Amino acid sequence: MAAMPEPLDPTADVVSLTAALVDIESVSGNEAVIADLVEAAVRPVPGLDVVRDGNVVVASTRLGRPERVVIAGHLDTVPVNANLPSRLGEESLHGLGSCDMKGGVAVALRLAASLTEPVRDVTYVFYDCEEIEAERNGLGRLARTRPDLLVGDFAILMEPSNAVVEAGCQGSIRVEVIVPGERAHSARWWMGVNAIHAAKPVLDRLDAYEPRTPLVDGLTYREGLNAVSIEGGVAGNVLPDECRVGVNYRFAPSRTPDEALTHLRDVFDGFELKVTDTAPGALPGLTRPAAAAFVAAVGGEVRPKFGWTDVALFSELDVPAVNFGPGDPSLAHSQGEHVPLAHLRHCEETLRRWLT
């Protein structure tokens, strides 16, 4: 039986706190221990109203400020890949979740424990099951069952963003393009129709596809349409009567999921489509006063978010949101993921300055 981790010290420096969080194994679905420790760390903090909902911990100030910001981070990680425990290098902290996104969680915990008089009311949300199917996402569950806990004028998702603001996010839709055929013995192939061979036009259309690069709120998003799987075959001596090509379309937030599906029906005209997953994008919302004030405080370049994040959930609640967290998102889920120490300190200092 594994030993119980030591209690978290939210007053420790951000690097040490990140290492302590990384060393708590919390693969999606196994977040009870880390949620217990986070709750224990924030519950004694004066001025914080703490709510536990499953393995989600919400800690809120109630200072009567004219503006409220939500700062959110997920506690779970992808499966362990010989990358625990954490390892401290000269410039980076290595280990599972260091980048995605326990570094961001550490920043939020530090702020929750030390900012007693922020100029904005703050709701800190630490949630579970972000890395797996959407119906289990703890933030999504709160949005459905306790939206009152997520009310705010602005939200910051502590997803890794190279310590700069990444605004909005792309939408995503996955479909299966179904190609029919007719079974026959492979020795008498002319008696049937090979569905795998008949899938060639689908692949040709994908190969010839030219994705858009639309401008949304001054940010250029790069769309993408790609085959991600192909399935077909009955037996080694039988022509397959069906082939399914799995396709993922990443679309700019200026398109709705319905518009994205209409576009896919045009691209694959003549073939049946089965939708297997869909998630809306999130508009950058940079013209909203709270978002504009944050961008002005952070300074520097604002980039579009390539990929889907939970800013989309805030967008559905009409809360403008951005991604701002330590770490390079291209390292997320990799065996060698790590977070630069400079990113951890920069994100904490930037948010602390903005909130005070």
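Inclusion of E90 among residues that are of a type in the set (D, E) and either under 22 Å from the mean Cα position of the chain (by Cα) or not assigned by TED's automatic domain parsing to the domain that holds L149 (or both) is not warranted.
For region 313-325, the count of residues that are touching a His at 6+ places or on another chain (Cβ under 7 Å) and either surrounded by fewer than 24 Cβ atoms within 10 Å (Cβ to Cβ) or more than 22 Å from G168 (Cβ to Cβ) (or both) is zero. Beta carbons closer than 7 Å, at least 6 apart along the sequence or on distinct chains, pair a first residue in region 261-278 that is closer than 17 Å to A208 by Cβ with a second that is of a type in the set (S, T, Y) and not in a strand (DSSP E or B) for V267/Y209.
E6 passes every criterion in (1) crowded, with 16+ Cβ neighbours inside 10 Å; (2) charged (D, E, K, R); (3) not assigned by TED's automatic domain parsing to the domain that holds F294 apart from (1).
Here L264 qualifies as farther than 15 Å from G181 by Cα and aliphatic (A, V, I, L, M). Close Cβ contacts (under 6 Å, 6 or more residues apart or on different chains) running from residues in region 204-229 that are closer than 17 Å to G270 by Cβ to residues that are among the small types (G, A, S) and at pLDDT 95 or above comprise L206/A227. Just to be sure, is V122 of a type in the set (V, I, T) and touching a Lys or Arg at 6+ places or on another chain (Cβ under 8 Å)? Considered against the rule, which asks whether it is of a type in the set (V, I, T) and touching a Lys or Arg at 6+ places or on another chain (Cβ under 8 Å), V122 comes out as yes.
Please tell me if P304 is closer than 30 Å to C243 by Cα, touching a Pro at 6+ places or on another chain (Cβ under 9 Å), modelled with pLDDT of 90 or more and buried (at least 20 other Cβ atoms within 10 Å of the Cβ). In short, no. V119 satisfies every condition listed in (1) more than 20 Å from A282 (Cα to Cα); (2) in contact (Cβ under 8 Å) with a residue 60 or more places away in the chain; (3) assigned to a helix (DSSP H, G or I) except (3).
Among residues of region 329-339 being more than 13 Å from the chain's Cα centre (by Cα) and either closer than 13 Å to G104 by Cβ or charged (D, E, K, R) (or both), the one that is surrounded by the most Cβ atoms within 10 Å (Cβ to Cβ) is V339. Among the residues of region 64-122 satisfying the criterion of being touching a Pro at 6+ places or on another chain (Cβ under 8 Å) and of a type in the set (S, T, N, Q), which is surrounded by the most Cβ atoms within 10 Å (Cβ to Cβ)? If we take residues in region 64-122 being touching a Pro at 6+ places or on another chain (Cβ under 8 Å) and of a type in the set (S, T, N, Q), then S92 is surrounded by the most Cβ atoms within 10 Å (Cβ to Cβ).
Residue-by-condition table, conditions (1) modelled with pLDDT of 95 or more; (2) closer than 19 Å to E133 by Cα:
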{"residue": "G29", "(1), (2)": "yes, yes"}
{"residue": "I34", "(1), (2)": "yes, no"}
{"residue": "V38", "(1), (2)": "yes, no"}
{"residue": "D49", "(1), (2)": "yes, no"}
{"residue": "V56", "(1), (2)": "yes, yes"}
{"residue": "E67", "(1), (2)": "no, no"}
{"residue": "V70", "(1), (2)": "yes, no"}
{"residue": "V80", "(1), (2)": "yes, yes"}
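Condition test on E25, is it out of contact with any His (no Cβ under 9 Å at 6 or more places or on another chain), farther than 14 Å from A112 by Cβ and acidic (D, E)? Criteria met by E25.
Per the listing A252, A208, A292, the residue uniquely small (G, A, S) and in contact with a Phe, Trp or Tyr (Cβ under 6 Å, 6 or more places away or on another chain) is A252.
The values are calculated or read from the model by the stated rules, or taken from the named source; none is laboratory data. It should be emphasised that the depicted structure is a prediction, and the values quoted were computed from it without experimental measurement. When we count neighbours, we look across all protein chains shown, and the Cβ atoms used for this are built from the backbone with ideal geometry, even at glycine.
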